[in-house]
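To start, the structure under review is shown below, and the notes come after it.
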Amino acid sequence: MKKLNKYILVLLAMVVVIPACKDEDLVVLPDWESGVNAYTVVAEGSKGDFLSGNAAQDITFDMLWNSIDGENTVTKIEIFAYFSEAYTDPDGNPAVANYGGADGVSFLTIEGAAVPANKVTTSFSISQDDMYEMFKDSSFDYDKDGTATPVWGNPDKPNRRASSTNFKFVPGDSFSIRWELTTADGRLFDSWSPSVCTEFPGSNCSYAWAIVCAPAIVNPQGDYVLTLVDSYGDGWNGATLVVKIDGTPTVYTVSAAQGAGATYTVSVPAGTTSLTFEYTSGDWDSEASFTIKSPSGNVIAAWGPSPPIGAVKLDLCNE
């Protein structure tokens, strides 16, 4: 039987080898198009978030575009902004209202001679006043009664005041920008695959930030409630929320069986010195959102849909 198996394997090898002899002229090679990508980071010395009660602290970004093969040139860069706010829905659940739609609100256009050369950095800044001007007419149906309430005029957010210099935005408000590149041949690069956005060196597709009071939790012990939601109802499709207690990670997600969402309580023991949260991307980030409630009952994070990938920025103003 072993000898017979050996003969069969030899015959199979011959079958596999024979078709491998091909006429190279008949092999169709793909005609790859040139492409460009962009990379935007917070400029050295700039804060990465807005500071609660201090509208004078803006954020400065450094951006460059990159043509790996040098075959294409960017002729226009467009930057779009989004605004989100945490609120409590009529059922008492934490929720997020998003403004800017799918495309965002146009913030800045760089074109013509103002567009930097390949791999050359250009800088721009964005302030709380800039965000207010773009979104000041926004409204939302917080009570789901069919009537939209102006964001700046919501009685549930009395600290958010259009007339205030420093409190046009409040803790629980978050922001993001994305960018589009137009090339000399007329093509528009307005999105990239998740691998390009998160894994390709020197490339990203967006940047998110929030109103903050402090960068980290000082005394993290206690019970934290994670509320994970999937708008489609089929789980997070590989996305996760990673909680690290003194560097030791625990992964939380919404399984297919859990469907529309899951709630977890994370108990952080006394003596813990560091607590961090990190969102990792899945196949359908546009369906994912989450909130984190601290032991004091405050919502210290509310992100999504499409939460920012990486370290979760926390709202610690009331902690």
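The values are calculated or read from the model by the stated rules, or taken from the named source; none is laboratory data. Computed from a prediction, not measured in an experiment: that's the story for all the values here. Cβ placement follows ideal geometry from the backbone for every residue including glycine, while neighbour counts extend to all protein chains displayed. Each accessible area value is taken on the protein alone, full model and side chains, heavy atoms only, with ligands, DNA and RNA left out. Shrake-Rupley method; radii C 1.70, N 1.55, O 1.52, S 1.80 Å.
Results, tabulated for the structure shown:
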{"item": "Any hit, region 234-243, residues being at pLDDT 95 or above, of a type in the set (Asp, Glu) and touching a helix residue (DSSP H, G or I) at 6+ places or on another chain (Cβ under 6 Å)", "result": "no"}
{"item": "Hits in region 20-57 - residues which are in contact with a helix residue (DSSP H, G or I) (Cβ under 7 Å, 6 or more places away or on another chain) and at pLDDT below 85", "result": "none"}
{"item": "Qualifying residue in region 213-221 (condition: in a strand (DSSP E or B), in contact (Cβ under 8 Å) with a residue 12 or more places away in the chain and of a type outside the set (D, E, K, R))", "result": "no"}
{"item": "In region 278-319, the residues that are outside any loop (DSSP other than H, G, I, E, B), aromatic (Phe, Trp, Tyr) and open to solvent by 10 Å² or more (accessible area, probe 1.4 Å)", "result": "303"}
{"item": "Residues within region 137-179 that are open to solvent by 20 Å² or more (accessible area, probe 1.4 Å), farther than 18 Å from residue 57 by Cβ and not in a loop (DSSP other than H, G, I, E, B), tallied", "result": "5"}
{"item": "Index of the failed condition, residue 204 passing every other in (1) farther than 24 Å from residue 173 by Cα; (2) assigned to a loop (DSSP other than H, G, I, E, B); (3) not acidic (Asp, Glu)", "result": "(1)"}
{"item": "Qualifying residue in region 261-270 (condition: open to solvent by 50 Å² or more (accessible area, probe 1.4 Å), farther than 14 Å from residue 303 by Cβ, free of Cβ contacts under 8 Å to residues at least 60 places away in the same chain and among the hydrophobic types (A, V, I, L, M, F, W, C))", "result": "yes"}
{"item": "Residue that is surrounded by the fewest Cβ atoms within 10 Å (Cβ to Cβ) [pool: residues in region 231-258 that are among the aliphatic types (A, V, I, L, M), in contact (Cβ under 8 Å) with a residue 24 or more places away in the chain and in a strand (DSSP E or B)]", "result": "242"}
{"item": "Test result for residue 273, at pLDDT 95 or above and among the polar types (S, T, N, Q)", "result": "no"}
{"item": "Residue that is surrounded by the fewest Cβ atoms within 10 Å (Cβ to Cβ), among those in region 108-136 that are over 17 Å from residue 40 (Cα atoms) and without any contact (Cβ under 8 Å) to a residue 12 or more places away in the chain", "result": "113"}
{"item": "Residue selected from region 58-71 under the condition of a type in the set (S, T, N, Q) and open to solvent by 10 Å² or more (accessible area, probe 1.4 Å), by the criterion modelled with the highest pLDDT", "result": "60"}
{"item": "Count - residues of region 52-81 that are under 26 Å from residue 164 (Cα atoms) and either basic (Lys, Arg) or touching a Pro at 6+ places or on another chain (Cβ under 8 Å) (or both)", "result": "1"}
{"item": "Identity of the residue in region 164-204, modelled with pLDDT of 90 or more and hydroxyl-bearing (Ser, Thr, Tyr), that ends up nearest to the chain's Cα centre (by Cα)", "result": "176"}
